[in-house]
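> Okay, here's the structure, questions in a sec.
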Amino acid sequence: MAKHSVGWVALHKRWLLALLLLLSVSTLIAFLIRPAFDSCDRHLEVVEKRVNSASQTVATPSPLSFMKSKLVLLVSHELSLSGGPLLLMELAFLLRGVGAEVCWITIQKPSETDEVIYSLENKMLDRGVQVFTAKGQEAIDTALKADLVVLNTAVAGRWLDVVLKENVPRVLPKVLWWIHEMRGHYFKLEYVKHLPLVAGAMIDSHVTAQYWKNRTHERLRWTPKILMIKMPETYVVHLGNSKDFMEVAEDSVAKKILREHVRESLGVRNEDLLFAIINSVSRGKGQDLFLRSFYESLQLIQEKKLQVPTMHAVIVGSDMTAQTNFESELRNFVMLKKIQDRVHFVNKTLTVAPYLAAIDVLVQNSQARGECFGRITIEAMAFQLPVLGTAAGGTTEIVVNGTTGLLHPVGKEGIIPLAKNIVKLATHVERRLTMGKRGYERVKEMFLEQHMAHRITAVLKEVLHKSKSSSRS
């Protein structure tokens, strides 16, 4: 069976001890929530800084300060370690940070106690976010009183009719619909029939926004008549890395420690080259095609007798307790090609920063329409890693082909191009490092929390203005 990381728990304790001993106060952090998934279908990292208050500098006023004392209701289809809910939590904390009154409801919750939900709800409560049931009178009253209601993901649209019922028309003018999906099966009338009447839609990338616009031009059959769905005013808001995450990415001591311990756990040397894909293991994320490309790259290197460091493929996002048929296919391929010593499967983890510190190249190989944004991409670029990505989805808005990384086609047509790109970066150290530095510069220019906050500020101001105008008419 393919090799995977071992001794993680013990090493994790050693990492924390090493960090406590070696990191400066300003970068002493604890990684809390960050499984490896993109902003649409994947998890994102929330890091909490433990900083000595005496060392803190005066914070720059937030552009969201105008939201102070505003009542905001956040509606999530679920509460889990997936991209949508965690992004909404991030918005909740940004709003709480400027003094907004924030309430949270979760539409779908299991009847039995769930540790993840319990943990996330308590985290929100600790930060002053009010949490209550989605179907109670409190939810209805809050929706009617709120200055702003944010529906998170297309699926959350079902809540409007099920809970608000006759009150739906009163709430729609103050709804901002935050959409992350770009798969056709989410575009159902039961989800999106109220979409034309909300104050606005916020989407993570231009390509996803265009996809939704195109979908709304199609006729959807809604018995007994044909209904045309029209998009409301749509705003594109690219995501950004938090200040705390950037502190880790920019701390050379922290990165060195994390790199050494992860590589030790994987059984690879410091001089070896690691190409990693960090995403949930599923066919849509393209781990199968990545492994085929990796194998082809090894063949190319052998055929051309190229001198390169020992290369490894790392797949972060495995589920060792419930291996799917797809993951079994991956492991069988590795065994068939006899590359068990070169491929490492790592279980889903709450912390991706150690792996970003340990690898040399990130592979973003999402298939079909690609990622709606792909936050792991900007996180990797913050660690000065070049990105080998599919020329699809939000990746094309992040990666500058030939400058911060290299793009390849989706599907089987991309196997050989990706293999060749792997070889290019393996054989050209300077190119690899230069792309990483340029990626970091691009993050600093476009993909920081402050950039995201300014973009969201512009959206919220417009939505609040529309809501006030509607209430006067």
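The values are calculated or read from the model by the stated rules, or taken from the named source; none is laboratory data. Fair warning: this is a prediction, and the values are worked out from it, not measured in the lab. Positions of Cβ are generated from backbone atoms using ideal geometry, with glycine treated the same way; all protein chains shown enter the neighbour counts. Just the protein is used for accessible areas: all its heavy atoms, side chains included, with ligands, DNA and RNA removed. Shrake-Rupley method; radii C 1.70, N 1.55, O 1.52, S 1.80 Å.
> Lysines within cross-link reach of Lys165: Cα-Cα under 25 Å, excluding same-chain residues under 8 positions apart?
Filter leaves Lys70, Lys109, Lys135, Lys145, Lys174, Lys188, Lys193, Lys225, Lys230, Lys466, Lys468.
> Considering the convex hull of the alpha carbon atoms of region 321-430, report its projected area averaged over all viewing directions, in nm², one decimal.
The directionally averaged projection comes out at 7.9 nm².
> Around Ile415, under 13 Å between beta carbons, what's the net of Lys plus Arg minus Asp minus Glu among the other residues?
0
> On a 1.4 Å probe surface of the protein chains, which of Arg158, Arg369, Arg432, Arg259 comes out largest in accessible area, and what is the full order?
Arg369, Arg158, Arg259, Arg432
> Give the accessible area for Thr457 in Å² (nearest 10); use a 1.4 Å probe, count only protein heavy atoms, and leave out ligands, DNA and RNA.
10
> Report the net charge of residues surrounding Ile117, where surrounding means a beta-carbon distance below 11 angstrom and charges are Lys +1, Arg +1, Asp -1, Glu -1.
The answer is -3.
> Something else now. Near Pro386, within a Cβ-to-Cβ distance under 11 Å, what is the net charge of the other residues, with Lys and Arg +1 and Asp and Glu -1?
Summing Lys and Arg as +1 and Asp and Glu as -1 gives +4.
> Students often forget the sequence filter, so: which lysines lie under 27 Å Cα-Cα from Lys412 once same-chain residues fewer than 8 apart are removed?
Lys3, Lys285, Lys304, Lys305, Lys337, Lys338, Lys348, Lys420, Lys424
> Sticking with this structure for a sec: Could you size up the charge dipole of region 247-353 around its Cα centre, putting +1 on the beta carbon of Lys and Arg and -1 on that of Asp and Glu, and report it in debye to the nearest 20?
So the dipole magnitude of region 247-353 works out to roughly 320 debye.
> Over the Cα atoms of region 243-447, how large are the radius of gyration and the largest Cα-Cα distance (Dmax), in Å?
Using the Cα atoms of region 243-447, the pair Rg, Dmax is 15.6, 45 Å.
> Another question about this same structure. Using a 1.4 Å probe on the protein heavy atoms only, what accessible surface does Glu250 show? Give it in Å² to the nearest 10.
Ignoring ligands and nucleic acids, Glu250 comes out at about 80 Å².
> Under the definition of Cα pairs under 8 Å and six or more residues apart, what whole-number percent is the relative contact order of region 243-447?
The value is 24 percent.
> Which residues among region 353-394 fall inside the zone where the amide N is under 15 Å from a point 7 Å beyond the Cα of Thr403, along Cα→Cβ?
387
> Just the accessible area per residue of region 238-311, please: how many Å² with a 1.4 Å probe?
I get 41 Å² per residue for this part.
> Using the Cα centre as the reference, give the magnitude of the dipole from point charges on the C-beta atoms of region 293-382 (Lys, Arg: +1; Asp, Glu: -1; all else neutral), rounded to the nearest 20 debye.
With only Lys, Arg, Asp and Glu charged at Cβ, the dipole is about 160 debye.
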